[in-house]
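The values are calculated or read from the model by the stated rules, or taken from the named source; none is laboratory data. Keep in mind the model is a prediction, meaning the values are calculated, not measured. Note: ideal-geometry Cβ built from the backbone for every residue, glycine included; neighbour counts use all protein chains shown. SASA here: full protein model, heavy atoms, side chains in, ligands and nucleic acids out. Shrake-Rupley method; radii C 1.70, N 1.55, O 1.52, S 1.80 Å.
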Amino acid sequence: IPYKCIRTAFVPMKSKLYYLYLGIVLILATFLTSNKAAAQDTDLQRTTIMQYVIKERPVLAELLTTAGMAPALSGNASYTLLMPPEARLQELKGQPVEKIRAVMAMHLIKGAMTGSDFKEGSRLQNYGGATLNVCRKKDSTLLNGVQFRTADLALRNGVVHEIAGVLQP
């Protein structure tokens, strides 16, 4: 058998094995990636709102602690926390405790609420007893005129949503 014939006869076998190995590697990579994501979700489900805020949002954590809300967000009762940007919260540092407490109360709702729970025209009572008005536009939700950025981060004792600004009492 000429060398050229032998070499071409093995090419299809080589490519079949190559694609088989490649397929196995891709399946394993997908499996390992999905397990890593599932592990992260499990970690979040064990994390309280306050633990998450301390890790991810230090200014917010400081303000919630100053406002006396840290114990509530560390317990077993369910809450929904609306998290403003850290840069906007910097303005509150150094303010009187009563003002910080009133502003932080605007960002906390009793019970775990997902983004779909914020219905058009709803009036929600926050932690301090004030009312939040819900307005739904095409692809966005507004609370007292402040837009949701990211919704539905489920944690052990509630749900966290990022919002675009600070809600005022």
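Filter the stretch 123-137 for residues that are part of a strand (DSSP E or B) and among the charged types (D, E, K, R); which is farthest from the chain's Cα centre (by Cα)? Among those that are part of a strand (DSSP E or B) and among the charged types (D, E, K, R), it is Arg123.
Within the stretch 61-75, the set of residues being farther than 13 Å from Lys110 by Cβ and assigned to a loop (DSSP other than H, G, I, E, B) comprises Ala67, Gly68. Surrounded by 18 or more Cβ atoms within 10 Å (Cβ to Cβ), among the aliphatic types (A, V, I, L, M) and farther than 19 Å from Glu162 by Cβ: does that describe Ile109? Considered against the rule, which asks whether it is surrounded by 18 or more Cβ atoms within 10 Å (Cβ to Cβ), among the aliphatic types (A, V, I, L, M) and farther than 19 Å from Glu162 by Cβ, Ile109 comes out as no. Mind checking which residues of the stretch 142-158 are open to solvent by 10 Å² or more (accessible area, probe 1.4 Å) and either among the polar types (S, T, N, Q) or under 16 Å from the mean Cα position of the chain (by Cα) (or both)? Selection gives Asn144, Gln147, Phe148, Arg149, Thr150, Ala151, Asp152, Leu153, Ala154, Leu155, Arg156.
Just one of the numbered conditions (1) in contact (Cβ under 8 Å) with a residue 60 or more places away in the chain; (2) over 23 Å from Ala77 (Cα atoms); (3) open to solvent by 60 Å² or more (accessible area, probe 1.4 Å) is not true of Val166: (3).
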